[in-house]
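Asker: My questions will all concern the structure given below.
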Amino acid sequence: DSLFLNEYFGFKSSAYEYVDDLLLKIEEGIRLRTEKNSPKKLKEIGSSYISFNTNPRTTWYVFFNKLNSEIHVTYIFNNHEKFAQYLDL
């Protein structure tokens, strides 16, 4: 809803489709992509992360912790947010 309300999308259905696609990419990415260790300044939000692009201007970063065979997603942000400054982009 916030993507639509903040006018990132002109239609609520488009915002929902974007989020659904993002969730699928996260689920697939955590299993298939090589994870990276979080930088020291971001360890508190997750010990590892993966990244992927949804369009030419936006890269998403998914931080998580592994506990035995479980993966716990702890934080998600994109390159437009302040935390991106701590990543080696």
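The values are calculated or read from the model by the stated rules, or taken from the named source; none is laboratory data. Everything numeric in this text was worked out from a predicted model, so none of it was measured. Here the Cβ is made from the backbone with ideal geometry for all residues, glycine too, and neighbour counts use every protein chain on show. Each accessible area value is taken on the protein alone, full model and side chains, heavy atoms only, with ligands, DNA and RNA left out. Shrake-Rupley method; radii C 1.70, N 1.55, O 1.52, S 1.80 Å.
Asker: In this structure, does residue 16 turn out to be modelled with pLDDT of 90 or more and out of contact with any strand residue (DSSP E or B) (no Cβ under 7 Å at 6 or more places or on another chain)?
Answerer: In short, yes.
Asker: Another question, if that's okay. Could you list all residues from region 53-64 that are surrounded by 15 or more Cβ atoms within 10 Å (Cβ to Cβ) and over 14 Å from residue 27 (Cα atoms)?
Answerer: Once the filter is applied, which keeps residues that are surrounded by 15 or more Cβ atoms within 10 Å (Cβ to Cβ) and over 14 Å from residue 27 (Cα atoms), region 53-64 yields only 59.
Asker: Of these, 9, 64, which one is at pLDDT 90 or above and more than 28 Å from residue 88 (Cβ to Cβ)?
Answerer: Testing whether each residue is at pLDDT 90 or above and more than 28 Å from residue 88 (Cβ to Cβ) leaves just 9.
Asker: Continuing with the same structure: With the requirement that a residue be open to solvent by 90 Å² or more (accessible area, probe 1.4 Å) and either aliphatic (A, V, I, L, M) or in a helix (DSSP H, G or I) (or both), what does region 24-52 give you?
Answerer: Once the filter is applied, which keeps residues that are open to solvent by 90 Å² or more (accessible area, probe 1.4 Å) and either aliphatic (A, V, I, L, M) or in a helix (DSSP H, G or I) (or both), region 24-52 yields 24, 27, 28, 31, 32, 40, 41, 43, 44.
Asker: Tell me yes or no: at least one residue of region 72-82 is modelled with pLDDT of 90 or more and over 27 Å from residue 9 (Cα atoms).
Answerer: Yes, there is a match, as at least one residue in region 72-82 is modelled with pLDDT of 90 or more and over 27 Å from residue 9 (Cα atoms).
Asker: Something else now. Restricting attention to region 1-23, which residues are in a helix (DSSP H, G or I), open to solvent by less than 100 Å² (accessible area, probe 1.4 Å) and farther than 18 Å from residue 58 by Cβ?
Answerer: Across region 1-23, the qualifying residues are 12, 13.
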